[in-house]
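Contents: one structure, followed by commentary.
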Amino acid sequence: MMLNRVFYKYKELILYGFFGVLTVIVNIISFKLLFILNIPLLYANTVAFFIAVLFAYYTNTKYVFNDKFTKKNFISFMSMRISTLFIDNIGLYYLVTISVDELIAKSIINIIIILINYICSKFIIFKKK
């Protein structure tokens, strides 16, 4: 019973975390596959980013924030996520150039981006009216 109350009290945050982890997994697997195929680092990162963002938009809209799929939400979501792509690419490039393994660097940057994305999604894109 208490576990149910805790879940329902923090349902949105728990679901965001769960789907955030899945989004990171989609991002990292996509990135690694592209990188193995000799796609240059930042190109592989950018393509993997867009694959993960499409997955995140679907799961955030349907399961986390229980919102409708609208053109406005999609454009807002994509715009915000594209702006975090710059943080992703700059951070990844910097960490790899100082000899951090690309997967460790990718994971570190993803943690920062998840926090930024949650704040923007909750308070800007999917804010309750």
query: Can you find a residue in the range 66-74 that is open to solvent by less than 30 Å² (accessible area, probe 1.4 Å), outside any loop (DSSP other than H, G, I, E, B), closer than 12 Å to Phe126 by Cα and modelled with pLDDT under 95?
result: yes
- prompt: Checking Arg81 against (1) among the basic types (Lys, Arg); (2) more than 25 Å from Phe7 (Cβ to Cβ); (3) more than 14 Å from the chain's Cα centre (by Cα), which test does it fail?
  reply: (3)
task: Mind listing whichever residues of the range 75-109 are small (Gly, Ala, Ser) and open to solvent by 80 Å² or more (accessible area, probe 1.4 Å)?
output: Ser99
- line: Across (1) farther than 25 Å from Leu15 by Cα; (2) open to solvent by 60 Å² or more (accessible area, probe 1.4 Å), Ile124 clears everything bar (1)
task: Output the number of the condition that Leu42 fails; it satisfies all remaining conditions of (1) open to solvent by less than 60 Å² (accessible area, probe 1.4 Å); (2) touching a helix residue (DSSP H, G or I) at 6+ places or on another chain (Cβ under 6 Å); (3) farther than 23 Å from Lys11 by Cβ.
output: (1)
task: Identify the residue in the range 13-38 that is open to solvent by 40 Å² or more (accessible area, probe 1.4 Å) and not hydrophobic (A, V, I, L, M, F, W, C) and, among all such residues, is modelled with the lowest pLDDT.
output: Lys32
- prompt: Is there a residue being open to solvent by 70 Å² or more (accessible area, probe 1.4 Å), of a type in the set (Lys, Arg) and out of contact with any strand residue (DSSP E or B) (no Cβ under 9 Å at 6 or more places or on another chain) anywhere in the range 48-64?
  reply: yes
query: Of the residues Ile98, Ile119, Ile75, which is of a type in the set (A, V, I, L, M) and under 13 Å from the mean Cα position of the chain (by Cα)?
result: Ile119
query: Among all residue pairs at least 6 apart or on different chains, which show Cβ distances below 9 Å where the first residue, located in the range 103-129, is of a type in the set (A, V, I, L, M, F, W, C) and at pLDDT 85 or above and the second is open to solvent by 100 Å² or more (accessible area, probe 1.4 Å) and assigned to a loop (DSSP other than H, G, I, E, B)?
result: Phe126/Asn66
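The values are calculated or read from the model by the stated rules, or taken from the named source; none is laboratory data. Since this is a predicted model, take the numbers as computed values, not measurements. Don't worry about glycine lacking a Cβ; one is built from the backbone with ideal geometry, like all the others, and counts go over all protein chains shown. In case anyone asks, the SASA skips ligands and DNA or RNA and just uses the protein heavy atoms, side chains included. Shrake-Rupley method; radii C 1.70, N 1.55, O 1.52, S 1.80 Å.
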